[in-house]
Amino acid sequence: MAESELPQPPEHLSSEEFRKHGHALIDWIADYWDRIEDLPVESSVSPGSVRELLPPEAPQKGEPFADLIRDLDEIVMPGITHWQHPSWFSFFPANASPPSVLAELVSAGLGVQGMLWSTSPAATEIESHVLDWLVDLMDLPSEWKTTSLGGGVLQMSASDSTHTSLVVARHQAMKRGVNPTAMVAYASTQTHSSIQKGATVAGYRHIRLIPVDDKQAMDISALRAALASDKAEGLVPVFVAATLGTTGTTAVDPIRPIGEICQEENLWLHVDAAYAGNAMICPEFRHHQDGLELVDSYTFNPHKWLMVNFDCSVFYVADRSPLIDCLSILPPYLKNEASESGAVIDYRDWHVPLGRRFRSLKLWWVIRSYGVEGLQSMIRYHVALTERLAEKLKSDPRFEVVAPHPFALVCFRCTAGDEATQSLAEAVNGSPNVAWTGSELDGRPMIRVSIGQRTTDEGHVDALWDLIDELA
Ligand SMILES: *Cc1c(COP(=O)(O)O)cnc(C)c1O
């Protein structure tokens with residue numbers, strides 16, 4: 001092809017323009033965080049109203065970048081629910097923090113694919129190293145380190161970690177000759193929906209939800225009974241998920257007795273600590289994780305309560321060989337000397353996706369910027385604020401706290417009855433200044449108050465109490 005026939009390459013923003021808009025956007029984010037309390041916590045736009053503001057067709061020619069920033073305010077912001085608002089008491093937290101956002105920016109600028117060690121050694125080695133740090137910081141079994149038999153890997157979500165563990169457990173059982181159609185997975189009735197979903201996607205035909213005790217924790221004798229009855233019917237128990245901090249009430253399944261059963265019965269034990277695992281950075285919560293040395297895999301989400309913005313889910317295995325045995329596939333274009341030497345970790349073999357972001361930079365920078373003490377102080381502060389609110393609820397005859405609150409979630413009802421609970425849930429959510437989650441426990445309404453946004457302070461919790469007091 002003659003040179004004159006070459007098509008024109010695209011025009012990029014110049015370095016100067018990139019700097020200018022980049023600085024403006026950092027200012028925009030900082031201003032957003034400064035003014036967030038003046039914004040209604042939840043977006044109130046009606047369905048389709050954001051799309052109505054968008055042109056029907058994509059632009060043929062590039063637009064001035066300043067227009068894009070303008071539309072952030074005009075089109076995007078009205079449709080944003082402010083998870084970073086200090087009066088965010090809904091679901092669980094999904095915290096962003098300054099060091100995490102800056103790391104995210106750098107990761108995007110580097111734009112690396114860390115699928116193999118050789119495709120960016122720093123991405124792999126920092127990830128392995130920081131996840132080994134966390135084993136010590138949270139007093140997890142030392143075999144879980146990459147320098148030992150196991151290892152940690154970052155995934156997008158706890159759902160992915162759990163799905164991966166279900167797939168590996170199934171693969172191991174198939175290697176023992178178990179027919180996949182006979183495999184059974186167990187979790188409690190309070191388990192997160194991701195376990196049922198993961199088991200369904202992984203091809204388990206039988207999923208048993210085991211009843212819980214009065215503390216919402218898995219009933220061990222019911223687990224034993226379910227195992228016995230399935231075996232009597234010719235089915236093969238394969239997988240048990242225990243939850244450390246359920247989504248409903250933060251109940252803790254008894255890991256040690258469940259682990260002992262799993263050892264006796266040769267079952268894969270996965271622990272889902274998506275939310276509460278973060279608290280283990282403080283020694284005083286670690287009695288809840290007693291028995292982890294009996295566990296095969298474990299997940300928790302720094303993107304919930306450790307100030308690393310979504311996505312950043314940690315997945316540990318006690319022994320990495322079954323994981324790699326199940327998930328490693330080597331097409332010729334990925335062959336390389338470093339992998340063949342066996343001296344490196346190729347994280348593509350540790351999860352379903354091939355391509356992977358440099359997520360560990362966020363986790364590394366958050367830990368370094370806050371220090372362990374900074375992270376501990378946030379957890380302790382939120383737990384103390386929760387305790388304070390729980391005491392107020394308990395000492396007021398209009399309310400009853402319906403479950404233990406070992407972390408920073410308190411669940412309560414109105415003693416006047418279900419209708420009173422329901423209308424309080426709605427009345428408080430009707431206020432623009434706060435958001436919480438109306439939910440259900442044992443088929444009856446309850447209210448969940450999750451205190452975990454990084455800038456929530458006692459003033460916000462006291463204001464919430466005043467609102468409860470006024471509207472109840
Ligand atoms: C939040 C939560 C999950 C889901 O986490 P994702 O990272 O969104 O998949 C799973 N289990 C528990 C106990 C949770 O609280």
- Task: State which residue is nearest to PHE407 (Cα to Cα) when the search covers only the range 250-278 and only residues that are within 11 Å of the ligand (Cβ to nearest atom) and among the polar types (S, T, N, Q).
- Result: THR250
- Item | Search result, residues across the range 284-339 that are under 29 Å from THR455 (Cα atoms) and either hydrophobic (A, V, I, L, M, F, W, C) or more than 21 Å from the chain's Cα centre (by Cα) (or both) | GLU284, PHE285, HIS287, PHE300, TRP305, LEU306, MET307, VAL308, PHE310, CYS312, VAL314, PHE315
- Task: Only residues in the range 277-290 that are touching a residue at least 40 places away in the same chain (Cβ under 8 Å) count as the first member; pair them with residues that are hydroxyl-bearing (Ser, Thr, Tyr) and open to solvent by 10 Å² or more (accessible area, probe 1.4 Å), Cβ under 8 angstrom, at least 6 apart or cross-chain, and list the lot.
- Result: none
- How many residues does the range 287-302 contain that are touching a His at 6+ places or on another chain (Cβ under 7 Å) and open to solvent by 10 Å² or more (accessible area, probe 1.4 Å)? 1
- Within the range 325-357, restricting attention to residues that are loosely packed, with under 12 Cβ neighbours inside 10 Å and either outside the structural domain of PRO121 (by TED's automatic domain parsing) or among the aliphatic types (A, V, I, L, M) (or both), which residue is farthest from HIS171 (Cα to Cα)? ALA343
- Query: Can you name every residue in the range 52-77 that is surrounded by 10 or more Cβ atoms within 10 Å (Cβ to Cβ) and among the hydrophobic types (A, V, I, L, M, F, W, C)?
  - Reply: LEU53, LEU54, PHE65, ALA66, LEU68, ILE69, LEU72, ILE75, VAL76, MET77
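Going by the structure shown, is TRP83 within 16 Å of the ligand (Cβ to nearest atom) and not polar (S, T, N, Q)?
yes
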- The lone condition ALA103 fails out of (1) farther than 17 Å from THR299 by Cβ; (2) touching a residue at least 40 places away in the same chain (Cβ under 8 Å); (3) among the aliphatic types (A, V, I, L, M); (4) open to solvent by 10 Å² or more (accessible area, probe 1.4 Å) is (4)
- Heads up, the helices (runs of 4 or more DSSP H) in the range 354-472 (entirely inside) with at least 2 residues that are in contact with a His (Cβ under 7 Å, 6 or more places away or on another chain) are 360-394
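Are any residues in the range 410-421 surrounded by 15 or more Cβ atoms within 10 Å (Cβ to Cβ) and more than 28 Å from the chain's Cα centre (by Cα), and if so, which ones?
CYS414, ALA420, THR421, listed by residue number.
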- Among (1) buried (at least 24 other Cβ atoms within 10 Å of the Cβ); (2) part of a loop (DSSP other than H, G, I, E, B); (3) within 13 Å of the ligand (Cβ to nearest atom), the one test that PHE310 misses: (1)
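Of everything in the range 197-215 that's under 17 Å from THR299 (Cα atoms) and either at pLDDT below 95 or open to solvent by less than 10 Å² (accessible area, probe 1.4 Å) (or both), which residue is nearest to the ligand (Cβ to nearest atom)?
Per the stated criteria, the residue is GLY198.
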- From the list LEU361, LEU424, pick out the single residue that is assigned by TED's automatic domain parsing to the domain that holds ALA279 and at pLDDT 95 or above. LEU361
- Message: I'm trying to understand the selection: among the residues of the range 117-175, which are hydroxyl-bearing (Ser, Thr, Tyr), within 16 Å of the ligand (Cβ to nearest atom) and open to solvent by 40 Å² or more (accessible area, probe 1.4 Å)?
- Response: SER159
- Task: Could you list, in sequence order, all residues of the range 216-230 that are in contact (Cβ under 8 Å) with a residue 40 or more places away in the chain and within 15 Å of the ligand (Cβ to nearest atom)?
- Result: GLN216, MET218
- Determine whether PHE315 is outside any helix (DSSP H, G or I) and in contact with a helix residue (DSSP H, G or I) (Cβ under 9 Å, 6 or more places away or on another chain). yes
- Task: Can you give me the number of residues within the range 440-468 that are in contact (Cβ under 8 Å) with a residue 40 or more places away in the chain, more than 13 Å from PHE92 (Cα to Cα) and open to solvent by 20 Å² or more (accessible area, probe 1.4 Å)?
- Result: 6
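Where in the range 62-143 are the helices (runs of 4 or more DSSP H), entirely inside, with at least 1 residues that are touching a His at 6+ places or on another chain (Cβ under 7 Å)?
65-71
The values are calculated or read from the model by the stated rules, or taken from the named source; none is laboratory data. Computed from a predicted structure; not experimentally measured. As a convention, Cβ positions derive from the backbone with ideal geometry for all residues, glycine included, and neighbour counts pool all protein chains shown. With ligands, DNA and RNA removed, areas are computed over all heavy atoms of the protein, side chains included. Shrake-Rupley method; radii C 1.70, N 1.55, O 1.52, S 1.80 Å.
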